[in-house]
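Working notes, beginning with the structure itself.
The values are calculated or read from the model by the stated rules, or taken from the named source; none is laboratory data. Just so we're clear, the structure is a prediction, and the values are computed from it rather than from any experiment. Every residue, glycine as well, gets a Cβ built from its backbone with ideal geometry; the counts of neighbours run over all protein chains shown.
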Amino acid sequence: MIATQYKIILPSDYDMNIIKDRVKNNGYKTDGFEDLKFKLYLITEKGTNKSFQNSYCPLYLWKDINGLNKFLFNGFYDNIITSFGWQKVNVGIPLIDTTTYKIKYSKYVFEVTKEIHPQESLNNLKDKIEKDIPRFGDTEYMVIYNPDKWKYHVFYFIDDLSNVKSEEGIIYDILHISQEKI
């Protein structure tokens, strides 16, 4: 599996209804996309949920690289380039994935980013991360790491923000969820 996300930062006076309409009219096009476990159409809005900026930040979890390559190089990603210019696609490796079909009931994604500090050994790092990350009841989550940056990101899929109010992180609104065909 492989995770991807591009984070498009938009002007503070950007009309976010443009993004909402874009997703409303086109989000279904990635439903059942080849090798896609899920795509979450995520936004932040300045002044909402402690956000300081407007952004459009789709998050993907791919079961295999064929679908990702098809998305990037067979014209689908061209819609992003045409609308927002050249964007960097962040790539991560899933370390932990507790998600199920229930992800479709989520309203928000809460992202926490942590450093992987230099250490004598990485043996059992997965167990240490799993032990140290906050838990929010039976909330589904995934942990993605980037060995090129030595960081990891925990993405929680939630429907109630009251659980994460005291935590530091980014809260995204989910506009649409595309999932694999079950």
Query - Pick from the stretch 54-89, criterion more than 30 Å from Leu161 (Cβ to Cβ) and of a type in the set (D, E, K, R), ranking: surrounded by the most Cβ atoms within 10 Å (Cβ to Cβ) - result: Lys70
Report task. Select the strands (runs of 3 or more DSSP E) contained entirely in the stretch 82-182, then report the ones holding at least 3 residues which are at pLDDT 95 or above and touching a helix residue (DSSP H, G or I) at 6+ places or on another chain (Cβ under 6 Å). Result -> 170-179
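Could you check the stretch 147-173 and list, in sequence order, the residues that are over 20 Å from Ile43 (Cβ atoms) and in contact (Cβ under 8 Å) with a residue 12 or more places away in the chain? Steps first, answer last, please.
Narrowing the stretch 147-173 to residues over 20 Å from Ile43 (Cβ atoms): 147-152, 162-163, 166.
Of everything in the stretch 147-173, those that are over 20 Å from Ile43 (Cβ atoms) and in contact (Cβ under 8 Å) with a residue 12 or more places away in the chain turn out to be Pro147, Trp150, Lys151, Tyr152, Asn163.
In the stretch 43-70, what residues are under 18 Å from Lys7 (Cβ atoms), without any contact (Cβ under 8 Å) to a residue 40 or more places away in the chain and either touching a strand residue (DSSP E or B) at 6+ places or on another chain (Cβ under 8 Å) or of a type in the set (Gly, Ala, Ser) (or both)?
Narrowing the stretch 43-70 to residues under 18 Å from Lys7 (Cβ atoms): 43-46, 48-62, 68.
Those left that are additionally without any contact (Cβ under 8 Å) to a residue 40 or more places away in the chain: 46, 52.
Passing the criteria: only Lys46.
For the stretch 1-53, which fully contained strands (runs of 3 or more DSSP E) count at least 3 residues that are out of contact with any Ser or Thr (no Cβ under 7 Å at 6 or more places or on another chain) and surrounded by 12 or more Cβ atoms within 10 Å (Cβ to Cβ)? Walk me through it before giving the result.
Details: elements: 2-5, 8-10, 36-44.
In the stretch 1-53, 2-5, 36-44 are the strands (runs of 3 or more DSSP E) which contain 3 or more residues that are out of contact with any Ser or Thr (no Cβ under 7 Å at 6 or more places or on another chain) and surrounded by 12 or more Cβ atoms within 10 Å (Cβ to Cβ).
Give the residue that is surrounded by the fewest Cβ atoms within 10 Å (Cβ to Cβ), with candidates limited to residues of the stretch 92-146 that are free of Cβ contacts under 8 Å to residues at least 60 places away in the same chain and among the basic types (Lys, Arg). Break it down stepwise before answering.
Of the residues in the stretch 92-146, the ones free of Cβ contacts under 8 Å to residues at least 60 places away in the same chain are 95-96, 98, 100, 102, 105, 112-141, 143, 145-146.
Imposing the further condition that a residue be among the basic types (Lys, Arg) reduces the set to 102, 114, 126, 128, 131, 135.
Details: Lys102: 10, Lys114: 14, Lys126: 14, Lys128: 13, Lys131: 8, Arg135: 10.
If we take residues in the stretch 92-146 being free of Cβ contacts under 8 Å to residues at least 60 places away in the same chain and among the basic types (Lys, Arg), then Lys131 is surrounded by the fewest Cβ atoms within 10 Å (Cβ to Cβ).
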Report summary line: Note on the stretch 113-130: residues aliphatic (A, V, I, L, M) and farther than 14 Å from His153 by Cβ are Leu122, Leu125
